[in-house]
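The values are calculated or read from the model by the stated rules, or taken from the named source; none is laboratory data. These numbers were taken from a predicted model, which means no experiment stands behind them. Reconstructed Cβ throughout: ideal geometry from the backbone, glycine too, with neighbour counts over all protein chains shown. Only protein heavy atoms, including side chains, enter the accessible area calculation; ligands, DNA and RNA are left aside. Shrake-Rupley method; radii C 1.70, N 1.55, O 1.52, S 1.80 Å.
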Amino acid sequence: SSLKAFGDGSDITEQAVASYVAKYSTKAAENTGTLDRRIGELAELDRHQVPDHTRRLITACRDLDRPYPDRRLWAWAHMFGFRGHFSSKSRRYSTTLGALRQARADYRATQEHTALTLDDREPDTVLVLTDWQYAGHGHSPGESVLADTIARGLQTNRETARDALAGLAAGEGEW
């Protein structure tokens with residue numbers, strides 16, 4: 001029998017695993033929706049509104065901690081069970097951040113290609129989708145009032161300082 005992945009019944013392939021690992025290992029913690037520190041209890045996930053997928057990964061680390069205590073999965077649940085830097089090298093397995101990013105980019109490109117039904121395009125074709133809109137220029141009315149108020153305040157401060165210095169020079173500040 002084969003392992004199934006992604007809830008759609010598709011087989012787990014090396015490419016699918018690489019794409020999955022690349023997705024989460026090349027993102028910062030805040031982009032993944034996890035926490036940047038150790039988790040003491042699952043209630044912390046509620047307080048910080050951790051997304052469901054991330055919650056399931058962290059909960060799996062907690063659940064697997066007891067059968068695999070030497071792995072310290074719960075202690076490192078905020079990093080999905082990985083200790084240390086995720087791209088540490090080993091003699092048995094090694095990859096580069098560039099390879100991980102490329103796997104993720106290829107995966108996303110395939111998703112977009114399918115979503116946009118671009119099957120008739122050449123594989124090396126670069127399709128740029130963009131939308132430019134004129135947002136305006138200058139200050140809004142409220143920003144204009146605020147800028148004028150600040151400018152008047154700065155001018156008043158300069159005049160007050162100049163008058164004070166002139167008064168000191170004329171001897172008005174002596175007791």
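Structure notes:
- In region 49-71, the residue that is least open to solvent (accessible area, probe 1.4 Å) out of those that are under 16 Å from D36 (Cβ atoms) and not in a helix (DSSP H, G or I) is V50.
- Candidates in region 33-48 are the residues that are in a loop (DSSP other than H, G, I, E, B), without any contact (Cβ under 8 Å) to a residue 40 or more places away in the chain and hydrophobic (A, V, I, L, M, F, W, C); of these, the one that is least open to solvent (accessible area, probe 1.4 Å) is I39.
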